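For reference, the structure is listed below as structure tokens.
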Amino acid sequence: MPLTARLIFSLGHHAEVYEDADELIAMMPEQGLVLLCEDGTGAACRLMEMMDSQGIWLPVIAFARTLDCDAIVAGIKAGVVNYLVGDVSREELLTKLHHGYAEGQACLAVRLRQAVARRAIKALSRREAEVLRLVTTGLSNKEIARELDISPRTVEIHRMKMMTKLGAKTSAQAIRVEIEAAGLS
């Protein structure tokens, strides 16, 4: 199943060819989908991790001549929207491209919110992250102060900085960012 740019063009689509995942990440298009040759080493999972760490996401369809079920399951869990395995007809490829793009658009908003939330959480200091964790359990500033063995005023300062970094005006919004970062939304 040689998926080439020429085949994609023959189906009426535009294709960009990248040397490797690093080049793709560096030159990431704003829209479309990614067709990735899965070589059996977890390339699709690595690409999903790289995109996630950069706060970017496009739907990914991986293809391979042969691939075991464990690799496919791992890829789907990482966010790959579909796999093409074995010989695929032009019609099947076109159907998978359209389905993958539509499914990707449905997931895009959720994935982008998750990536933005994770980046915001990573920007927190260790203490701000601890305060957020305790806020999510419903503790008051005084209870957080006792838990962390710091003054309530210090908790207020960490909480204020944490809320600013998360772009949250309320504790509920901060908790929502935490939930989105964890992928639980």
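The values are calculated or read from the model by the stated rules, or taken from the named source; none is laboratory data. The structure displayed is predicted, hence computed values, not measured ones. Using ideal geometry, Cβ is built from the backbone for each residue, glycine included, and neighbour counts are taken over all protein chains shown. These area figures cover heavy atoms from the full protein model, side chains too; ligands, DNA and RNA do not enter into them. Shrake-Rupley method; radii C 1.70, N 1.55, O 1.52, S 1.80 Å.
Evaluating G183 against the criteria (1) open to solvent by less than 70 Å² (accessible area, probe 1.4 Å); (2) in contact (Cβ under 8 Å) with a residue 60 or more places away in the chain; (3) part of a helix (DSSP H, G or I) leaves one unmet condition, (3). For the range 35-58: of the residues being part of a loop (DSSP other than H, G, I, E, B) and either at pLDDT 85 or above or of a type in the set (S, T, N, Q) (or both), which is most open to solvent (accessible area, probe 1.4 Å)? Restricting to residues being part of a loop (DSSP other than H, G, I, E, B) and either at pLDDT 85 or above or of a type in the set (S, T, N, Q) (or both), the top hit is Q54.
In the range 59-87, the qualifying residues are those that are open to solvent by 40 Å² or more (accessible area, probe 1.4 Å) and assigned to a loop (DSSP other than H, G, I, E, B), and the one that is modelled with the lowest pLDDT is D87. Would you confirm, using the coordinates I've provided, whether R126 is open to solvent by 40 Å² or more (accessible area, probe 1.4 Å), in contact with a helix residue (DSSP H, G or I) (Cβ under 6 Å, 6 or more places away or on another chain) and of a type outside the set (A, V, I, L, M, F, W, C)? Criteria not met by R126. Of the residues making up the range 131-175, those that are assigned to a helix (DSSP H, G or I) and charged (D, E, K, R) are R133, K142, E143, R146, E147, R153, E156, R159, K161, K165. Can you confirm whether A120 is assigned to a helix (DSSP H, G or I), aliphatic (A, V, I, L, M) and within 25 Å of the chain's Cα centre (by Cα)? Considered against the rule, which asks whether it is assigned to a helix (DSSP H, G or I), aliphatic (A, V, I, L, M) and within 25 Å of the chain's Cα centre (by Cα), A120 comes out as yes.
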